[in-house]
Amino acid sequence: MGFVSGSGHAATRVAAVDAGMRCARHRGPDEQGTWHDDDVVFGFNRLSIIDLEHSHQPLRWGPPEAPERYALVFNGEIYNYLELRAELTAEFGTQFATQGDGEAIVAAYHHWGQAAVARLRGMFAFLIWDTQDRVLFGARDPFGVKPLFVAQLPDGIAFSSEAKGLRELTGAARVNVPALQHYLVLQYVPEPATMDPAIRKIESGTHLTVRPGRPMATKRYFHPVFASRPAISDAERSALYQRIAEVMDDSVAKHMRADVTVGAFLSGGIDSTAIAALAKRYNPDLLTFTTGFEREGFSEVDVAAESAAAIGVEHIVRTVSEQELTSTLPLIVWYLDDPVADPALVPLYFVANEARKHVKVVLSGEGADELFGGYNIYREPMSLRSITGLPGGLRKGLAAVGRAMPEGFRGQDMLRRGSLELEDRYYGNARIFREEHLSGGLLRTYDPARSFRDITDPIYAQTKEVDPIARMQHVDLFTWLRGDILVKADKMTMANSLELRVPFLDKEVFEVARTVPADQKVTKNTTKLALRRAMELVVPPHVLHRRKLGFPVPIRHYLAEGSYEWAREVITSAHTDEYLDPAAVLAMLDAHRAGEADHSRRLWTILVFQIWHGIFVTGQITPQIPEPVYPVRL
């Protein structure tokens, strides 16, 4: 956590920074530290992973002539820190006092300036204060694995890995009305906004500069763009598969660097299985973890166990009950900071809780779908080709036919979506409420001038020259991946003082993935074709071509059965009538219970927002926050 004073009175904010750090103690329970001068306050909660006995933060470093010129706070890991340290020593004679990766960041910044960020291979959010030039420099990693929140205050600018920590300076949350509308459509708040208008996010792949008393300046340093590549020859395909296998092995090897035990999450799909199989090469005693629900059909436990046996790793399972889901949700939302209506948060929280009893770091498969074309929706440009290739007038006529069909009638959505341009029909993997659902009175603050295209149009504008699948992947990199996937991955693991690492989201992996031709991503029968071919010698056959499930959650059944009364109580006790019509929400719940329609995802989205509102706005919900104390097997 950091604060830059605009008036030279940083010391007056030390107590607030201390309080903010206590809100985020779960992110680093091993040790706490603070440092300040007239312009800056730095505070840090450390989860010790590398150089356990040293590398304390806030970290002071400088050249021999000014040995404490810089102060650093840094959340994350730099996986190429050994190579950076060696390069800095060889080129500049740099001296280091620790064996950690934090010094590599500061020394790189000292010698290479802002360009140093592009040399970092890792996940990170960091702030560096230069006590000589009186300037703060910070950055967030290329894909947004690690969060960095910012708040502009009357007397300065504050930063934190947890939005709740900043509320020690900004006060109780308010509702960001535009963000609420986007959330109900997308199931998350798109960056750089948050649900609280007083707090924003530094975007992924961006660095920042602050001089006391001046506005913050930001600049994007990482521009991920997928190439549009024609079909390739058999020899080129073989070379591509080999290159994918090599870069993934290298990435996993780098991600295994730690002075504590590293485990892996293992579901029933190719992504996590590939990571676990590669990780076993570097840790023969690898532990893997999975979770499932008691309800039949909502568990990948059996497939994951079969995978664990095939790759020869010890496997640990955590089963989640319906009662645990509902009773723990307020705590999960507290950890989230912002509402994210992805039900997979719940099993992820519990599997992280189980893993933390055994290890301190886990590897996981996030990012594979976005980089290699893993979502079934990426097949849509092929499936809709018979409609999208028609003249505009005929497409409009088919759209009218679709609108005349009863809601949910087979083929209706295909006609509707086929009549739309890509920019109008694709805005990410989650499509919870459509505009027509919100405009009927459910969302009392609905603004027809506000649209998902406010978010996606600037992203699409960067990809006009590439194929539709690559354009969809690009949108997901800047919306779904960093708004949902990486938020739940970071928040649910750090809630349990567990560090999650994502080898697919590596710059070197992306450089290969961006060149994969469209026909090597999705076909009529499969997704992630190139990745599957590259992993044929790594992943067990029973997983190689299995369809994606992830951690499925039976909320459709729960909300119609045992959790109906719980949901009704949340809705009726929520003080959100200013934003949502409670009668409309209850009608949805009753229709869902009666089997008239499946409203489970829409209801879940509303319930998560109402719980967030009760915690952070009205204070009527007070989760019991556990002490972050776990045994560790090193």
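The values are calculated or read from the model by the stated rules, or taken from the named source; none is laboratory data. All of these numbers come straight from a predicted model, not from anything done at the bench. A quick note on method: Cβ atoms are made from the backbone with ideal geometry, for glycine too, and the neighbour counts reach across all protein chains shown.
Yes/no per residue for (1) within 20 Å of the chain's Cα centre (by Cα); (2) part of a loop (DSSP other than H, G, I, E, B); (3) crowded, with 18+ Cβ neighbours inside 10 Å; (4) of a type outside the set (Ser, Thr, Tyr):
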| position | (1), (2), (3), (4) |
| --- | --- |
| 263 | yes, no, yes, yes |
| 267 | yes, yes, yes, no |
| 285 | no, yes, no, yes |
| 325 | no, no, yes, yes |
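Which condition breaks for residue 575 when tested against (1) out of contact with any Ser or Thr (no Cβ under 9 Å at 6 or more places or on another chain); (2) within 27 Å of residue 179 (Cα to Cα)?
(1)
Being loosely packed, with under 10 Cβ neighbours inside 10 Å and among the polar types (S, T, N, Q) is the filter here, so list the residues in the stretch 219-236 that pass it.
Of everything in the stretch 219-236, just one residue is loosely packed, with under 10 Cβ neighbours inside 10 Å and among the polar types (S, T, N, Q), namely 233.
Could you please find all residues in the stretch 186-216 being outside any loop (DSSP other than H, G, I, E, B) and either farther than 15 Å from residue 149 by Cα or at pLDDT below 95 (or both)?
Within the stretch 186-216, just 186 meets the criteria.
Which residue out of 309, 304 is free of Cβ contacts under 8 Å to residues at least 24 places away in the same chain and more than 30 Å from residue 568 (Cα to Cα)?
Only one candidate qualifies: 309.
Which of the numbered conditions does residue 542 fail, given that it passes all the others? Conditions: (1) farther than 17 Å from residue 247 by Cα; (2) crowded, with 24+ Cβ neighbours inside 10 Å.
(2)
Just give me the residues in the stretch 362-402 being among the charged types (D, E, K, R), touching a residue at least 12 places away in the same chain (Cβ under 8 Å) and not in a loop (DSSP other than H, G, I, E, B), in sequence order.
369, 370, 379, 380, 395, 396 - these are the residues of the stretch 362-402 that are among the charged types (D, E, K, R), touching a residue at least 12 places away in the same chain (Cβ under 8 Å) and not in a loop (DSSP other than H, G, I, E, B).
Return the only residue of 340, 359, 351 being under 23 Å from residue 30 (Cβ atoms) and in a loop (DSSP other than H, G, I, E, B).
Selected residue: 359, the only one of 340, 359, 351 that is under 23 Å from residue 30 (Cβ atoms) and in a loop (DSSP other than H, G, I, E, B).
Scan the stretch 35-63 residue by residue and report those that are more than 21 Å from residue 132 (Cβ to Cβ) and either β-branched (Val, Ile, Thr) or without any contact (Cβ under 8 Å) to a residue 12 or more places away in the chain (or both).
Of everything in the stretch 35-63, those that are more than 21 Å from residue 132 (Cβ to Cβ) and either β-branched (Val, Ile, Thr) or without any contact (Cβ under 8 Å) to a residue 12 or more places away in the chain (or both) turn out to be 49, 50, 53.
Residues checked against (1) touching a strand residue (DSSP E or B) at 6+ places or on another chain (Cβ under 7 Å); (2) not β-branched (Val, Ile, Thr):
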position: 322; (1), (2): no, yes
position: 326; (1), (2): no, no
position: 332; (1), (2): no, no
position: 351; (1), (2): yes, no
position: 359; (1), (2): yes, no
position: 366; (1), (2): no, yes
position: 375; (1), (2): no, yes
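Scan (1) part of a helix (DSSP H, G or I); (2) in contact with a helix residue (DSSP H, G or I) (Cβ under 9 Å, 6 or more places away or on another chain) for the single condition residue 587 breaks and write down its number.
(2)
Return the residues of the stretch 162-185 that are assigned to a helix (DSSP H, G or I) and among the hydrophobic types (A, V, I, L, M, F, W, C); say none if nothing qualifies.
Correct list: 163, 166, 169, 177, 179, 180, 184, 185.
What tally of residues in the stretch 197-247 results from selecting those that are in contact with an Asp or Glu (Cβ under 8 Å, 6 or more places away or on another chain) and farther than 14 Å from residue 530 by Cβ?
Qualifying residue count for the region: 8.
Is it fair to say residue 291 is more than 24 Å from residue 532 (Cβ to Cβ), buried (at least 24 other Cβ atoms within 10 Å of the Cβ), hydroxyl-bearing (Ser, Thr, Tyr) and outside the structural domain of residue 199 (by TED's automatic domain parsing)?
yes
Can you pull out every residue in the stretch 199-248 that is closer than 25 Å to residue 275 by Cα, of a type in the set (D, E, K, R) and over 26 Å from the mean Cα position of the chain (by Cα)?
Correct list: 236, 237, 243.
Only one of (1) in the same structural domain as residue 491 (by TED's automatic domain parsing); (2) in contact with a Leu (Cβ under 8 Å, 6 or more places away or on another chain) fails for residue 572. Which number is that?
(1)
Would you pick out the residues in the stretch 564-599 that are under 25 Å from residue 331 (Cβ atoms), surrounded by fewer than 21 Cβ atoms within 10 Å (Cβ to Cβ) and among the small types (Gly, Ala, Ser)?
Listed by number, the list holds a single entry, 573.
If residue 626 satisfies every condition in (1) modelled with pLDDT under 95; (2) closer than 30 Å to residue 24 by Cβ; (3) over 26 Å from the mean Cα position of the chain (by Cα) but one, which is the exception?
The single condition residue 626 does not satisfy is (3).
Within the stretch 525-569, restricting attention to residues that are assigned to a loop (DSSP other than H, G, I, E, B), in contact with a Leu (Cβ under 7 Å, 6 or more places away or on another chain) and not aliphatic (A, V, I, L, M), which residue is nearest to residue 177 (Cα to Cα)?
The residue in question is 551.
Take the residues in the stretch 417-436 that are in a loop (DSSP other than H, G, I, E, B) and charged (D, E, K, R); name whichever of them is farthest from residue 597 (Cα to Cα).
421
I'm told residue 393 meets every condition in (1) within 30 Å of residue 79 (Cα to Cα); (2) out of contact with any Pro (no Cβ under 9 Å at 6 or more places or on another chain) except one. Can you identify the failing condition by its number?
Unmet for residue 393, out of (1) within 30 Å of residue 79 (Cα to Cα); (2) out of contact with any Pro (no Cβ under 9 Å at 6 or more places or on another chain): (1).
Which residues, taken from the stretch 217-239, are of a type in the set (A, V, I, L, M) and not in a loop (DSSP other than H, G, I, E, B)?
Result: 217, 235, 239.
Working only within the stretch 437-487, note down all residues that are charged (D, E, K, R) and surrounded by fewer than 21 Cβ atoms within 10 Å (Cβ to Cβ).
444, 447, 450, 453, 454, 457, 464, 465, 467
Where the second residue is of a type in the set (Gly, Ala, Ser) and at pLDDT below 95 and the first is crowded, with 23+ Cβ neighbours inside 10 Å and lies in the stretch 604-619, which pairs have Cβ atoms under 8 Å and are six or more apart or on separate chains?
Short answer, once both residue conditions are applied: 616/172.
Tally the residues that are surrounded by 14 or more Cβ atoms within 10 Å (Cβ to Cβ) and of a type in the set (Gly, Ala, Ser), restricting the search to the stretch 57-110.
Of the residues in the stretch 57-110, 8 are surrounded by 14 or more Cβ atoms within 10 Å (Cβ to Cβ) and of a type in the set (Gly, Ala, Ser).
Is there a residue being assigned to a helix (DSSP H, G or I), polar (S, T, N, Q) and in contact with a strand residue (DSSP E or B) (Cβ under 9 Å, 6 or more places away or on another chain) anywhere in the stretch 99-117?
Yes, the stretch 99-117 has at least one match.
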